[in-house]
1. Run the label-point distances for B:ASP182 please: 7 Å along Cα to Cβ, every other copy, nanometres, shortest first.
2. Which log10 I(q)/I(0) values does the stretch B:99-203 give at q = 0.19, 0.20, 0.21, 0.24 Å⁻¹ under the Debye formula, counting every alpha carbon as one identical point scatterer?
3. Along Cα-to-Cβ, 7 Å out, sits the label point; list in nm, shortest first, how far the one on A:ALA143 is from those in the other copies.
4. If you add up the charges near B:GLY66, with Lys and Arg at +1 and Asp and Glu at -1, over every other residue whose beta carbon is less than 11 angstrom from its beta carbon, what do you get?
5. Among B:ALA107, B:VAL91, B:ASN135, whose Cα projects farthest towards the positive end of the dipole of the stretch B:84-138, with charges put on the beta-carbon of Lys, Arg (+1) and Asp, Glu (-1)?
6. Mean projection of the alpha-carbon convex hull of chain B over all orientations, in nm²?
7. Can you list, shortest first and in nm, the gaps between the label point of A:PRO125 and those of its counterparts in the other copies, using a point 7 Å from Cα in the C-beta direction?
8. Taking H placed 1.01 Å from N in the peptide plane, check which residues at least 5 places from A:ILE158 or on another chain put their amide H under 5 Å from its amide H.
2 protein chains.
Amino acid sequence: MSTVGNSTNIFWQECPVGRLERQKLLNQKGCVVWITGLSGSGKSTLACSVNRELYSRGKLSYILDGDNLRHGLNKDLGFKAEDRTENIRRVGEVAKLFADAGLICIASLISPYRKDRDACRAMLPASNFIEVFMNMPLELCEARDAKGLYKLARAGKIKGFTGIDDPYEQPLNCEIEIKQNDGICPAPSAMAGQVVSYLEDKGYLHDN
Amino acid sequence: MSTVGNSTNIFWQECPVGRLERQKLLNQKGCVVWITGLSGSGKSTLACSVNRELYSRGKLSYILDGDNLRHGLNKDLGFKAEDRTENIRRVGEVAKLFADAGLICIASLISPYRKDRDACRAMLPASNFIEVFMNMPLELCEARDAKGLYKLARAGKIKGFTGIDDPYEQPLNCEIEIKQNDGICPAPSAMAGQVVSYLEDKGYLHDN
């Protein structure tokens, strides 16, 4: 029996079918691919491409999209610093559950603060957290502005917008960096290839 | 663009590999098996048995255990009424994600209030929420008292304990009821069989 946070009298239930058995069933290893970067840097595009490429290889992945989760699990949270931190903590905890379930969990959210991302990394066994940095210039993201958000931020209609009036802290030790080559963005399939090759090399696409 | 709860400027990202594709890969349909009942009524035992039985049939399931989640996602929550409600809401939201991922998600938590369970049911497409009521007499649960919690509650050392000084509201329309036969509890494998037969009959163990 233990005391955890605000809870007392909490027991840990172990089950005879665990992570290894699920990984065997799926012939893959659970992990978290955490895609971070500015709004408009291509996180969702990459997430979808990786998802599709893995599916074509018979692998089960699932996308946790920061925006989508704000419709459900995180709908009580806004964008102030403490809410962003709690948003990311919850996504990290859920990603951990998906990895434990044996899935390749693709989390796609701006996650601008290093300490929040590192806290998610610390939740997982070593090497099970694969940080992918969409290293695209702010100018490019702002020029794309597919959602019209930069325009609103520049006009002062959105406050605390990452890259405009709120900082983005670049990863210091990410596993994968996606960037332009000679000023050209890689195609989605090429970006996805970079991630899937990494997963393959590290043995995530087989259970042993 | 929409406003959701405390969030603004939230877009919904759709991906070409969706629930149907994942269900095809797994040859099963995602759903939530929600096990409710008193402490000591056998929820975790049933969850593990169902998990094992599904695994033996090559099906992927995952258990969301109320106690376990209080070590992670819900460690900021206690046991007052509003915290219990938020606890159950979050488990419901995560269970919904697992069902969307194609898994048979087994949620095991006391979830004593009808309105909280019904709110989780309402999150999911019709028939994807399968409520399993562990209908065991309080006297039996208290006599088992595997965790020693009833003793503490009777001694006043735990406040707000379901069945002692906090109500348990029985389901009115559960899909499955597990109860004693002539005063005898069914064996775990028999209880699991009741759930797995239901899933089979309703077509969850195949993707079409």
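1. 8.4
2. Cα-only, vacuum Debye calculation for the stretch B:99-203: -1.13, -1.20, -1.27, -1.41.
3. Once sorted, the set of distances for A:ALA143 reads 7.7 nm.
4. Value of the local net charge: +2.
5. B:ASN135
6. Seen from a random direction, the Cα hull of chain B projects 13.0 nm² on average.
7. 3.4
8. Close amide H contacts, sequence-distant or interchain: A:ALA153.
Read-outs: derived from the displayed coordinates by stated rules, not from any lab. All values reported here derive from a predicted model rather than from experimental measurement. No Cβ is skipped: glycine too gets one built from the backbone with ideal geometry, and neighbour counts run over all protein chains shown.
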